[in-house]
Structures are given as structure tokens and as C-alpha cells.
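Asker: Take this structure first; my questions come after.
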Amino acid sequence: MTDRRAALTETFMQALRDRTPQEDEFHQAVEEVVYDTITVEKNDPAFARARVLDRLSEPDRVVAFRVVWEDDTGAIQINRAWRVQTSNAIGPYKGGLRFHPTVNPSVLKFLGFEQVFKNALTGLPLGGGKGGSDFDPKGRSDAEIMRFCHALMAELCKYIGPDHDVPAGDINVGTREIGYLFGAYKQHRGQFHGALTGKGPSFGGSAMRVEATGYGLVYFAGHMLAQQNREKDGLRVAVSGAGNVATHAAEEALAQGAKVVSLSDSGGALVAEEGMSQDHINWVRQAKASGQGLDDAPDGLRYNAGAQPWGAVEAELLLPCATQNELDRDALQDAIDAGAKMIAEGANMPLTGGAVKLAQQKGLVHAPGKASNAGGVAISGLEMSQNAHGQYLSAETVRSRLKDIMGNIHQTVLAEADPRNGVPDYRQGANIAGYRKVAQAISAFGAI
Ligand code: GLU
């Protein structure tokens, strides 16, 4: 069985690599899903006939465009931007926009592919896509960010809409950027409707959207802990990243009685042997918002320049919330030596292939981002329905819906997760559960 699975996966991947050379991140994301689902597909005549995995690994389309804008000195700047519309099988294309110099078609295709399965797991009618630009906002003024967002949307507005494709934020795209993007969308299209989520509350944003990914991650981890009969109270939690997901995960973990022992940015790790306070988390937010590093840390925090948090401090639960492939095999071995037993991904694909294998070999309980970080897009889904109905939910109601959704995802995933080394294989569970939902739709459509 395993041999057949490995052989089918290799044949599939060889064909994918041949037709999409040099798209390493995309191959990594597809391989992980194909390995878990290819026998499900081959064993179901309708799914096999529909060739669901072949179809999903070729996006519906990739829109590529140039963004021309003027910087504060009056010089012309040119960036590249894309929107990858992966699948609208179960709802409009949905997924964030990322602004980062590492953004390229391979990264966006991997993110769009992951998003299809994640969005299916939320139980909401959301297809999958992703977009962004190689624009680096570091050191840019507010006026430059605004001009860049306006220029990007002048083109992107032709390809999105509330029933078609609904972008949101991702790395370096938060409430401020969504405001600029929405302003430009409205201007160009002459329509006020929910073509973006993560909007400010005064123009159609949902309560709790900013908190949703990080808080949802901690709710999901809470279910994993309960399943393992482990206590939250006093649990040592290492978080990486210092953005929206990381700081809200840290905040909620702290609120639930855990000890948050780290955060980090690209310059180094911030470690708190005795656990961070809410003031510490607020300081990190403040430092990042004003474009500073984390080196000038207040009392109770130690800054390790150039280091990652993994293994730097004892921690049982790891919440990688920075970016793809941030946690490799060696770093995970260090974290295991420092007590790591569980991982819940806040970022998309934060573990390298080697780290995923090590986590399995060592019997770590490991939830993939497509399950554990789905809270953000789930509340985006609620934002879309609030916009459509013109009726808004209170923060309390949204929080309770978020808790229900994360609990349901946990159940759905667990139901498809075989035990491996004595712990449920959440990765397999998430891939199979997400696959089935999308495959049922795709195979119902016929050859189209
Ligand atoms: N960028 C987020 C993610 O990776 C949110 C996407 C959305 O809200 O559409 O899921």
C-alpha cells in the first residue's frame, strides 16, 4: 500500500516538476497533499475519472501584471504582481495578498493551492487563491505604501469582485493596506461591495478579523492538547514571528494561562524564560508598527540577534507563525531537545520537508496550517456574508463562531487522521478532509 502510494506520488510529482520547473515551494505543497490523497483519488471511480489532483495542481489562471508607482523622491518604481486563482469549485476564489521581496509565482501557487484545502475545511463556501507583489514595504513611508496600493489595485480591480475573487491580507498587508486597496477598488469600479476582507470596521470589516488567525490557532491547539490529555495551564509555548498572527496567538495563549516564551523577527529571537506579559506583547507590536527591530527589549526579555526561537528556550508547544520553511530539520531537533512535543502551524507551510519527517518519526503531534490557521479566512468568510446581508455581528458572536469553527475543523480533521507513532496524523486528516470536499464538487461538474 505504502509502496503503491509512494510510486503514484512520484509519477505525479515527476510530471508536475517537468511542466513547472523551478517552482520548489509549489512542488513541496503539492507533494504533501498528493502523498496523503492519491490513493483516495485512485480508489474512488468518480474522483479518479475527474483527475481532481491534476486539475487542482494547475491553477484556473494566473494573472501577472506590472505595478508602476512614484516614490517620495519622485522616482518611478516598478514592481511585479500576480493573482493566482487556483480553484472556485466550492465558492469564489479567496485568499490573501502578500507584499514581500520573496513573492514569486511559485510561492503564490503554493499558497493558493494550500488555501483551497484550508478554505474547504472551514465549512464555508470559499474557493482558493492568493496574490501579492515583490514590493518590499520595509523603510517605505505611509504615502509610498498608499501610492503602491492604489497603483496595484488600478489593475487588480479588473479581476476581482464579491462573487468572483475576494482578496484579503497576508504578510505585510493589514488593515491599513486593505483600506488603501479598498479605496482604490471603489474608485475604479464605482461600486461599494465586499470585494476585499479585512476591511476597517467603519466600511464593512468584521469584528475580530484582525485577531482571528492567532486566536483561532490557540483554540485549535487547545483541542489538540485536550485530545492528548495535556493541560494548558503553565504550558510553555514558543511562538515565532512578530506580526499579526504571532502577536495574537501569543496574546490568546497568555490569556488561557500558558507561558509564552518567545517571539521573533527576521533579525533574531526574543526569549522570555519566565514567560511574556501582555505589556511585552504590546511592546513588540509597537516596535514593529514603528518599523523598529526587537533588539532594544524591555526587562524580562532577552534578544538573541541572528537566532531563531527553536531550542533557545524550553517549550512543549511550538507555534511557528512567521513564514514558509522557517523551521528546518536541525532547528526542530534543537526544539525537541528543549522539550517540544506538539506543533500547531500559524504560518503557511512553516516546516521544511525534512522537519515534517522528523516530527513524524519522533511522534510529535503536528497540525498543518491549513487546519490550525484557518481561523483568519473563516472570519473573512463571515465578513463576506455580513457584507452581502448588510448586517453585522458583535465581537462576542464572532468570537463564539470562531471557536465553533475551529472545534469543527479539529473534529473533521481528526475523523480522517490515522494514528501514526501513537498520535493522530493531523496532516493526513486535513489533506483528506479538504480533498474530499473539493473533489465531490469537481467530480460533479463533468469535464469542464
Ligand atoms: N492570508 C490568510 C491565510 O493565509 C487569510 C486569507 C483570507 O482571509 O482570505 O489564510
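The values are calculated or read from the model by the stated rules, or taken from the named source; none is laboratory data. None of these values were measured; they are calculated from a predicted model. In this analysis, Cβ positions are derived from the backbone assuming ideal geometry, glycine residues included, and neighbour counts consider all displayed protein chains. Ligands, DNA and RNA are stripped out before the accessible areas are found, and what is left, the full protein with its side chains, is counted by its heavy atoms. Shrake-Rupley method; radii C 1.70, N 1.55, O 1.52, S 1.80 Å.
Asker: Is it fair to say Gly390 is at pLDDT 95 or above and surrounded by fewer than 16 Cβ atoms within 10 Å (Cβ to Cβ)?
Answerer: The answer is yes for Gly390.
Asker: Working only within the range 396-419, note down all residues that are assigned to a helix (DSSP H, G or I), touching a helix residue (DSSP H, G or I) at 6+ places or on another chain (Cβ under 6 Å) and surrounded by 20 or more Cβ atoms within 10 Å (Cβ to Cβ).
Answerer: Once the filter is applied, which keeps residues that are assigned to a helix (DSSP H, G or I), touching a helix residue (DSSP H, G or I) at 6+ places or on another chain (Cβ under 6 Å) and surrounded by 20 or more Cβ atoms within 10 Å (Cβ to Cβ), the range 396-419 yields Leu402, Ile405, Met406, Ile409, His410, Thr412, Val413.
Asker: Take the range 253-265 and flag every residue that is surrounded by fewer than 22 Cβ atoms within 10 Å (Cβ to Cβ) and under 18 Å from the mean Cα position of the chain (by Cα).
Answerer: Asp265
Asker: Looking at (1) within 16 Å of the ligand (Cβ to nearest atom); (2) open to solvent by 10 Å² or more (accessible area, probe 1.4 Å); (3) over 9 Å from the mean Cα position of the chain (by Cα), find the lone condition where Thr352 falls short.
Answerer: (1)
Asker: Another question about this same structure. Can you spot a residue in the range 62-78 that is away from the ligand (no atom under 12 Å from the Cβ), of a type outside the set (A, V, I, L, M) and closer than 26 Å to Gly375 by Cα?
Answerer: Scanning the range 62-78 turns up no residue that is away from the ligand (no atom under 12 Å from the Cβ), of a type outside the set (A, V, I, L, M) and closer than 26 Å to Gly375 by Cα.
Asker: Of all residues in the range 286-305, which are open to solvent by 70 Å² or more (accessible area, probe 1.4 Å) and out of contact with any Gly (no Cβ under 9 Å at 6 or more places or on another chain)?
Answerer: Answer for the range 286-305, where residues must be open to solvent by 70 Å² or more (accessible area, probe 1.4 Å) and out of contact with any Gly (no Cβ under 9 Å at 6 or more places or on another chain): Gln286, Ala289, Gln292, Asp296, Asp299, Arg302.
Asker: Quick one: in the range 118-147, of everything that is assigned to a loop (DSSP other than H, G, I, E, B) and hydrophobic (A, V, I, L, M, F, W, C), which residue is nearest to the ligand (Cβ to nearest atom)?
Answerer: Out of the qualifying residues, it is Leu126.
Asker: Just name the residue that is farthest from the ligand (Cβ to nearest atom) out of those in the range 382-395 that are closer than 15 Å to Pro162 by Cα and touching a helix residue (DSSP H, G or I) at 6+ places or on another chain (Cβ under 8 Å).
Answerer: Per the stated criteria, the residue is Leu382.
Asker: So Gly200 clears everything in (1) under 25 Å from Val62 (Cβ atoms); (2) away from the ligand (no atom under 13 Å from the Cβ) except one condition, right? Which one?
Answerer: If we test Gly200 against (1) under 25 Å from Val62 (Cβ atoms); (2) away from the ligand (no atom under 13 Å from the Cβ), just (1) comes out false.
Asker: Continuing with the same structure: Output the number of the condition that Gln308 fails; it satisfies all remaining conditions of (1) assigned to a helix (DSSP H, G or I); (2) of a type outside the set (Val, Ile, Thr); (3) open to solvent by 30 Å² or more (accessible area, probe 1.4 Å).
Answerer: Answer for Gln308: the failing condition is (1).
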